[in-house]
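For reference, the structure discussed in these notes is given below.
FYI, it's all coordinate maths here, none of it is from the lab. The structure displayed is predicted, hence computed values, not measured ones. Counting neighbours? That spans all protein chains shown, and the Cβs are built from the backbone with ideal geometry, glycine included.
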Amino acid sequence: MLSINGCGIAAFTRNLLTALVLTCVPGSSQQPGAPPPQGNGAKQEAPGLPMEFQSHGLDYEALTRNGITVMFAPLPPHIKDFNIVQVTVTNGSLVSWTVKPSDFSFVRQNGTVLSSVSADEVVESLLEKASRNDVIKLQLLYEDSIYALSNFRSTNGYEQRREAAMAQFVNRSFKAAAAASAITLVPTKLKPGDSTDGAIFFENRTKEKMLGPGRLIAKTCGETFIFEVYGEIKTR
């Protein structure tokens, strides 16, 4: 269990999420996220179908509708009771939108619908139940994969949340927990040209470690994106 030096888990979570959400506001001067890469093995699909490509050992799919681009890749399981996917959203439309974890769900082949876990629940669970090594492995995997997307630069994503969390909490134990928790997608307002990224957590208390085949559905930014998930990924 992660130690937070006597501070209540719920109080720490509220402070952490407040700090992270405040970073996800318009006004960043960084370059907006670019569309999915066209080279490096990218597979061009017919209009309306996801484009598939690999990056840093992960299998990505990307869809663009009316200027909104959503990309996702399943992450290998590292945290007990959770399945995790990495998502990026780029707003290439002419209006602002807010992206939230609740915009995403997963429908298994048997019809079971898995709703995403809210950011505060994820952070509280990570701090209370997950081992430090598991969380650090997850953080390193997330960083390696998101930084490997050479054509994507988030304006209001993981890196901004991590920096804000590290500045918010001085204690070394707090910093470790805050940095790891910054991977979680939080509600983020995207101006035209802005982008965000984050991890979406789905609760899984079954014997199956993977999400399994099904559909990842994103109802975000006024559009609906449906991704077919077929095979499983290897645990790294």
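For the residue pairs LYS100/LYS191; LYS137/LYS207; LYS129/LYS189; LYS80/LYS191, alpha carbon separations beyond 25 Å are given by LYS129/LYS189; LYS80/LYS191. Cβ-Cβ distance of GLU52 and SER115, R₀ of 25 Å, FRET efficiency by 1/(1 + (r/R0)^6): the value works out to about 0.45. Neighbour counts of C-beta atoms inside 10 Å place ILE136, ILE79 in the sequence ILE136, ILE79, starting with the fewest.
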